[in-house]
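Worksheet for the structure shown next.
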Amino acid sequence: MKSSEALQTTLLATFRLYFQEHPFIHLESLEATRTTLGEFYGVSDFFPYIQAIACAPYIERQLQSCSTISDSVGLTSVVGTFLSWDEFGGHYTVCQGGQAALPNIINRSQFHSSMFKADMQQVFGNNYHPEFTSLTTDYLMNLKAGLGSEDASERVAHMVAFEMHAESMLTALYMTLKKLTDIPDKGLAFFEAHIGGDDPAEAYHVEMTNRLIDAVIPSEKSAAFLKHFDTACQLHHKWCLSVMGV
């Protein structure tokens, strides 16, 4: 099954309704940016755990009913598992050091949230300790519900929207930091790993989740998928505005 050009066009048009220009590009002060980055830290810290456990309820139900794992569950689970592995720093560690580096995954400084915190301490000083609020807690719980839906079209819609938004959001945050501070180009490891350099990782995450549309969503479910995608985009947009105090 292959997603139609019309579906992809509608997908991109829907995303641009909310993120033609990411709200974070309009952060005007360093203090407002610092607060927003604290909220983002909560997402960075908890996302890999949420993605890892999101599939547990429907996996357990299939196990209890003595059913085999369906293609839709298997494929969304392998992508979700990779995204968690990547956020824990596993992919980067092995790419850099080969299989011999596998024992090094227990080095928590390689977790992407740790990299982000180290970057922010470089910007704001060693006393910087990011904080997030219930706005981010509520956002992550709603995200978990979407990622853990038994409806494959909803599950994939949330995975696709999350990665598309992540690329847009990280680009906006990096541009804002460059605008408000004197950080050098290629000076922040977290952002360089995701959206910088000659081969940024985030583009592959977007491509990976988009391929799930072809692999998992039948044509008769396209309308339902797009509706769920719109809902997922609204979730991200609402969180962005709320943490900015808009």
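The values are calculated or read from the model by the stated rules, or taken from the named source; none is laboratory data. On a predicted model such as this, the values are computed, not experimentally measured, just so you know. Positions of Cβ are generated from backbone atoms using ideal geometry, with glycine treated the same way; all protein chains shown enter the neighbour counts. SASA here: full protein model, heavy atoms, side chains in, ligands and nucleic acids out. Shrake-Rupley method; radii C 1.70, N 1.55, O 1.52, S 1.80 Å.
Some values worked out for this structure:
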item	result
Order of exposure, largest accessible area first, which applies to 55, 233, 95 with probe 1.4 Å	95, 55, 233
Heavy atoms of residue 53: accessible area, 1.4 Å probe, square angstrom to 10	90 Å²
Region 82-164: C-alpha gyration tensor shape, a/c 1.5 cut-off, then a/b vs b/c	oblate
Efficiency of FRET from Cβ geometry, residue 106 and residue 21, R₀ 35 Å, rounded to 0.05	0.30
GNM flexibility winner over the chain from 99, 122, 110 (Cα, springs under 10 Å)	99
Accessible surface, 1.4 Å probe, highest first, among residues 50, 106	106, 50
Percent carbon-and-sulfur accessible area, the chain, ignoring ligands, DNA and RNA, probe 1.4 Å	55 percent
C-alpha long axis of helix 152-180 to longest principal axis of the chain, angle in °	10 degrees
Gain upon complete extension [residue 127, residue 6; 0.36 nm per residue less C-alpha separation]	38.6 nm
FRET efficiency, 1/(1 + (r/R0)^6) with R0 25 Å, evaluated for residue 62 and residue 207 via beta carbons	0.35
Set of region 94-126 residues, backbone N closer than 16 Å to the point 7 Å along the Cα-Cβ line of residue 198	none
Rounded to the nearest 10 Å², the accessible area of residue 73 at probe 1.4 Å	10 Å²
Region 43-82: C-alpha gyration tensor shape, a/c 1.5 cut-off, then a/b vs b/c	oblate
Under DSSP loop assignment and at most 15 Cβ neighbours within 10 Å, longest GluC sites (Glu not before Pro)-free interval of the chain	29-130
Paramagnetic reach from residue 71 (point 7 Å along Cα→Cβ, amide N under 15 Å) across region 203-235	211-221
Over the chain - Rg/Rh using Cα atoms and the Kirkwood inverse-distance radius	0.97
Size of charge dipole - the chain - debye, nearest 20, with Cβ of Lys, Arg +1 and Asp, Glu -1, no other charges	240 debye
Nearest 10 degrees, 0 to 90: helix 71-87 Cα axis against the chain principal axis	10 degrees
Prolate/oblate/rounded call for region 121-227, Cα gyration tensor, a/c under 1.5 rounded	oblate
For the chain: lysine pairs under 28 Å (alpha-carbon distance), excluding those fewer than 8 apart on one chain	16
Residue order for 182, 230, 86, 138 - accessible surface, 1.4 angstrom probe, largest first	182, 138, 230, 86
Where only C-alpha atoms are counted, convex hull volume of region 1-93 per residue in Å³	164 Å³
